[in-house]
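S.K.: Next up is a structure, given as structure tokens.
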Amino acid sequence: MKDKHTYKPCDLIIYGALGDLSRRKLLISLYRLEHAGLIEPETRIIGIDRHEHSQEDFIAIARQNLQEFSSETIEAAVWTRFSARLSYLKIDLTQLDQYQALRTVTDGTSRVMINYFAVSPFLFKNICQGLAKSGVLTSESRMVMEKPIGHDLESCKEINDVVACVFSEEQVFRIDHYLGKETVLNLLALRFANSIFTTNWNHNTIDHIQITVAEEVGIEGRWDYFDQTGQLRDMLQNHLLQILTFIAMEPPADLEAHSIRNEKIKVLKALRPITTENVDDKTVRGQYTSGFIKGQQVPGYLEEEGANLQSRTETFVAIRVDIDNWRWAGVPFYLRTGKRLMGKRTEIVVYFKQLPHNIFKDSFKELPPNKLIIHLQPNEGVEIEMLNKIPGIEEQIKLQKTKLDLSFSDTFKKNRIFGGYEKLVLEAMRGNPTLFLSREEIEQAWTWVDSIQDAWRHYNVSPKDYHAGTWGPIASVALLARDNRGWEE
Ligand code: BG6
């Protein structure tokens, strides 16, 4: 089938062009897309912010960003092409009359207008009203937003309602940058293009699945934001649940956005609620104290700049998730994520069931299960852990654990692996909603997470300490040990 999403010339308008998100992520991603020759030649990038700047200033800031926040070498020819697309407009986003200025840049063009809201959600209402008032929107216009899309179901709904007054659901592109990651997308290929997995992907063959998103970094100067959010809402509500839906969903009928989204929503709806009844058995909260990462001493969460010593916010969370449907009955999913852990590592480990009988007792008293390990980052790739006979004629059959190892960087040497943002910005420009979250999906995820948050609040328990540079609190080991299992280390 021919791809119906095409690259049309766009006006990509970045609200909050001088803010953190734009400077650290967006502009750099756009430069990389330029470098790869992927931006439509007529496309323009218009930065909007409230400070007085000329076009030249903005171009200089964009260049300085690249030098400061990216390892990219700036190539003269690429930069000339890229900078020619950039322009700047001063608008105070709280002043609805000022949005008229957009008319001067967008009027009379047939470019698709993409409104990228790279600002705090409290400005969304103003921007939507300002855009509506200025009359620049068409049915082809799009809006892009990303987390935090609320801090619970209610606030998420409020944001969605505000946006829905001006943009229809088809025009809204909600970003979770994990969905742009090459390896997350590869989960679709792995599961639905390889019969060895499609036929074995259920409770008959799989014992349990672990999803780890471990970070080395701490709070990175965002203490206030993070302290009101916590790791559950900052990482698990979005990135880990997204990975979970890709791992657990039923085969979609095709790759169309609505087909994939519907299957993901079904998974979210089947998540067994965690409530005051079971929260103690199913979840672990942790907070890091000082420790060592790669030989360097790092401060604890409560010693970070701006910290409130009374804070009980979690920087680590581990959860046993049960999915109440036919495919996954009796197969727990263990999710964990934390800041200041031993290393940066995002991976999925699928543990297959043990065989019913062992004829190799000389090698292993108990046969270790096969494992499928999917490395999402870094060192993207897939490994299968299996047992093999050690070659030799002297002895009886002796087994050893070995790995089938598919490293993406070795196998696809010529293909550059882009970051999530590049892919998502490109897809927003193509108008392909497949990798973006629908309203129903995100609200369903909040419904499940709110119940955990409420249960924690009910018991008002402090998070467990763990030293920076470890794999989290001991209680996280106990979470699996209770089920006779252990985390993949
Ligand atoms: C963001 C979180 O969404 O994802 C950050 O707000 C986190 O706290 C980051 O550090 C992790 O992203 P990545 O791509 O580095 O795994």
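Coordinate-derived values only; no laboratory data. Values in this document were obtained by computation on a predicted structure and should not be read as measured data. Please note: Cβ atoms are built from the backbone with ideal geometry, for glycine as well, and neighbour counts cover all protein chains shown.
S.K.: Roughly speaking, what is the stretch gain from residue 69 to residue 164, that is 0.36 nm per residue apart minus the C-alpha to C-alpha distance, in nm to one decimal? Could the numbers behind the result be given before it?
M.R.: Details: separation 95, 0.36 × 95 = 34.20 nm, distance 3.41 nm.
Between residue 69 and residue 164, full extension yields an extra 30.8 nm.
S.K.: What trypsin sites (Lys or Arg not before Pro) does the stretch 346-406 have in DSSP loop regions with at most 16 other beta carbons within 10 Å?
M.R.: Working: sites: 353, 361, 365, 371, 389, 398, 401, 403; in loops: 353, 361, 365, 398.
Counting only loop positions with at most 16 other Cβ atoms within 10 Å, the trypsin sites (Lys or Arg not before Pro) in the stretch 346-406 are 353, 361, 365, 398.
S.K.: Could you calculate the contour length gain from residue 140 to residue 76, that is, 0.36 nm times the residue separation minus the distance between their Cα atoms, to one decimal place in nm?
M.R.: Numbers: separation 64, 0.36 × 64 = 23.04 nm, distance 3.39 nm.
Contour length minus the Cα-Cα distance gives 19.6 nm.
S.K.: Between residue 256 and residue 454, what is 0.36 nm times their sequence separation minus the Cα-Cα distance? Round to one decimal in nm. Please report the intermediate quantities before stating the final value.
M.R.: On the way: separation 198, 0.36 × 198 = 71.28 nm, distance 3.55 nm.
Roughly 67.7 nm would be gained on extension.
S.K.: Starting from the Cα of residue 196, step 7 Å along the direction of its Cβ; do the same at residue 387; then give the gap between the two resulting points in nm.
M.R.: Going by the 7 Å Cα→Cβ label model, 1.7 nm.
S.K.: Hey, another quick one. Report the relative contact order of the stretch 306-402, percent, no decimals, based on alpha-carbon pairs under 8 angstrom and at least 6 residues apart.
M.R.: Details: 130 pairs, mean separation 17.7, N = 97.
That works out to 18 percent.
S.K.: If you don't mind, there's one more thing I want to ask. List the GluC sites (Glu not before Pro) within the stretch 18-105 that DSSP assigns to loop and that have no more than 10 neighbouring Cβ atoms inside 10 Å.
M.R.: Numbers: sites: 34, 42, 52, 56, 68, 72, 75; in loops: 42, 52, 72, 75.
Sites meeting the loop and neighbour criteria: 52.
S.K.: Note down the net charge around residue 180, summing +1 for each Lys or Arg and -1 for each Asp or Glu among other residues with Cβ under 10 Å from its Cβ. The partial results should precede the final answer.
M.R.: Values: positive: 181, 423; negative: 176, 182, 422, 427.
Cβ neighbours under 10 Å give a net charge of -2.
S.K.: Provide 239, 203, 208 in ascending order of the number of other Cβ atoms located within 10 Å of each residue's Cβ, fewest first.
M.R.: Numbers: 239 23, 203 15, 208 19.
So the residues, fewest neighbours to most, are 203, 208, 239.
S.K.: If you average the alpha carbon positions of the stretch 356-379 and of the stretch 1-75, how far apart do those two centres end up, in angstrom?
M.R.: If you average the Cα positions of each part, the centres end up 46 Å apart.
S.K.: Further question: Quick one: of 181/398; 133/266; 294/371; 389/423; 181/353, which pairs are farther than 31 Å apart, Cα to Cα? Present the calculation step by step, with values, prior to reporting the outcome.
M.R.: Working: 181/398 40 Å; 133/266 38 Å; 294/371 28 Å; 389/423 43 Å; 181/353 29 Å.
Pairs exceeding the cut-off: 181/398; 133/266; 389/423.
S.K.: Turning to a different aspect of this structure: Let me know the charge dipole size of the stretch 330-446 about its Cα centre in debye, to the nearest 20, where only the beta-carbon of Lys, Arg (+1) and Asp, Glu (-1) is charged.
M.R.: Values: 19 positive and 15 negative charges, 60 e Å.
The calculation lands at about 280 debye.
S.K.: Moving to a separate point now. Could you work out the relative contact order of the chain, using alpha carbon pairs under 8 angstrom and six or more residues apart, expressed as a whole percent?
M.R.: In percent, rounded to a whole number, it is 19.
S.K.: May I pose another question? Could you work out the equivalent-ellipsoid semi-axes for the chain, taking the square root of 5 times each eigenvalue of the Cα gyration tensor, largest first, in whole Å?
M.R.: Working: eigenvalues 343, 139, 105 Å².
Those come to 41, 26, 23 Å.
S.K.: Convert each backbone phi in the stretch 357-372 into a coupling constant with the Karplus relation 6.51 cos²θ - 1.76 cosθ + 1.60 (shift: θ = phi - 60°), then list the ³J(HN,Hα) values in order as whole Hz, x for Gly and Pro.
M.R.: 9, 10, 9, 10, 5, 5, 8, 9, 4, 10, 5, x, x, 5, 10, 10
S.K.: Would you please give the residues with an amide H less than 5 Å from that of residue 381, counting only those at least 5 places away or on a separate chain, with H modeled from the backbone geometry?
M.R.: Residues meeting the amide H criterion: 375, 408.
S.K.: Could you calculate the FRET efficiency of residue 406 with residue 354 from 1/(1 + (r/R0)^6), where r is the beta carbon distance between them and R0 is 22 Å, rounded to 0.05? Write out the running numbers ahead of the final one.
M.R.: On the way: r = 24 Å, r/R0 = 1.10.
It comes out at approximately 0.35.
S.K.: Another question about this same structure. What are the residues whose amide H is under 5 Å from the amide H of residue 208, where those residues sit 5 or more places off or on another chain and H is modelled from the backbone?
M.R.: Amide H neighbours of residue 208, under 5 Å, 5+ apart: 351.
S.K.: Taking the Cα atoms only, what angle lies between the long axis of helix 420-430 and the longest principal axis of the chain, rounded to 10 degrees?
M.R.: Taking the Cα atoms of the chain, the angle to 420-430 is about 50 degrees.
S.K.: In deg cm²/dmol and to the nearest 500, what is the mean residue ellipticity at 222 nm of the chain if only DSSP H runs of at least 4 residues count, each as -39500 (n - 2.57), divided by the residue total? Numbers along the way, then the final one.
M.R.: Details: 16 runs with 155 residues, N = 489.
So the calculated ellipticity at 222 nm is -9000 deg cm²/dmol.
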